[in-house]
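The values are calculated or read from the model by the stated rules, or taken from the named source; none is laboratory data. Model, not experiment: these values are computed from the prediction. Reconstructed Cβ throughout: ideal geometry from the backbone, glycine too, with neighbour counts over all protein chains shown. Side chains are part of the model used for accessible areas, which takes the heavy atoms of the whole protein and leaves out ligands, DNA and RNA. Shrake-Rupley method; radii C 1.70, N 1.55, O 1.52, S 1.80 Å.
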Amino acid sequence: MKTRLPGSPTKKGQTALLPEKEMPAYLATLSPNDWKPLFSLIPSIQGKEGLGKWRSPRKENGAIILPHICFGKTELKFLKLVYRMQLIVGFNWSRWEQGRKLVKRDVSDLDILTLLKLMTAIVRSDRYCEGALHAAIEGGVMLRILMAIRLRVEESTVQ
């Protein structure tokens, strides 16, 4: 039996993503405990533990195998969690110019929806630009996003 990767098409050919306009209502249903599995990955991401590696090009049985990323356990767990928790936002991430600017600066002042849109843009872009997710984790971008989300969740429980 072949396993379906997170974010791959369902039987109807569609990826089950919540539309952006439905995300605020959905996020309001999540308790701080619901976020714990995602936040439990922060130490691994911070320590760059369990990350994958780029595989070098090689010839195998007469075929040329191009360089590619092999995700590690942390990246795979992260992907499974964000899809299972329905944190990938359904929006036109590839045309979201604001996101290209936001990702380069301090993100700690952004709201959860915008942070999830940044995360979505990185995760979804990895499908077209192999290594985007790995680079975001290794370069600290995903850590900054996760830390900011955790801060927003903690702030919402204080109110």
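Brief remarks follow.
- Condition met for F71 (modelled with pLDDT of 95 or more, within 22 Å of G139 (Cβ to Cβ) and either surrounded by fewer than 17 Cβ atoms within 10 Å (Cβ to Cβ) or of a type in the set (F, W, Y) (or both)): no
- Where helices (runs of 4 or more DSSP H) fall entirely within the range 96-146, those with at least 2 residues that are closer than 17 Å to Y83 by Cβ and not β-branched (V, I, T) are at 112-125, 132-138.
- Considering the conditions (1) hydroxyl-bearing (S, T, Y); (2) over 11 Å from the mean Cα position of the chain (by Cα); (3) over 20 Å from A25 (Cα atoms), S125 is excluded by exactly one of them, (2).
- Filter result for Y83 (under 14 Å from the mean Cα position of the chain (by Cα) and among the hydroxyl-bearing types (S, T, Y)): yes
- Count of residues meeting criterion [of a type in the set (D, E) and either assigned to a strand (DSSP E or B) or over 24 Å from K36 (Cβ atoms) (or both)] in the range 49-83: 1
- For the range 23-58, the candidate set comprises residues that are in contact (Cβ under 8 Å) with a residue 60 or more places away in the chain and touching a strand residue (DSSP E or B) at 6+ places or on another chain (Cβ under 7 Å); within that set, the residue that is surrounded by the most Cβ atoms within 10 Å (Cβ to Cβ) is M23.
- Only a single item in (1) in contact with a Pro (Cβ under 8 Å, 6 or more places away or on another chain); (2) open to solvent by 50 Å² or more (accessible area, probe 1.4 Å) is not met by D111, and it is number (1).
- Qualifying residue in the range 115-133 (condition: open to solvent by 30 Å² or more (accessible area, probe 1.4 Å) and farther than 21 Å from H68 by Cβ): no
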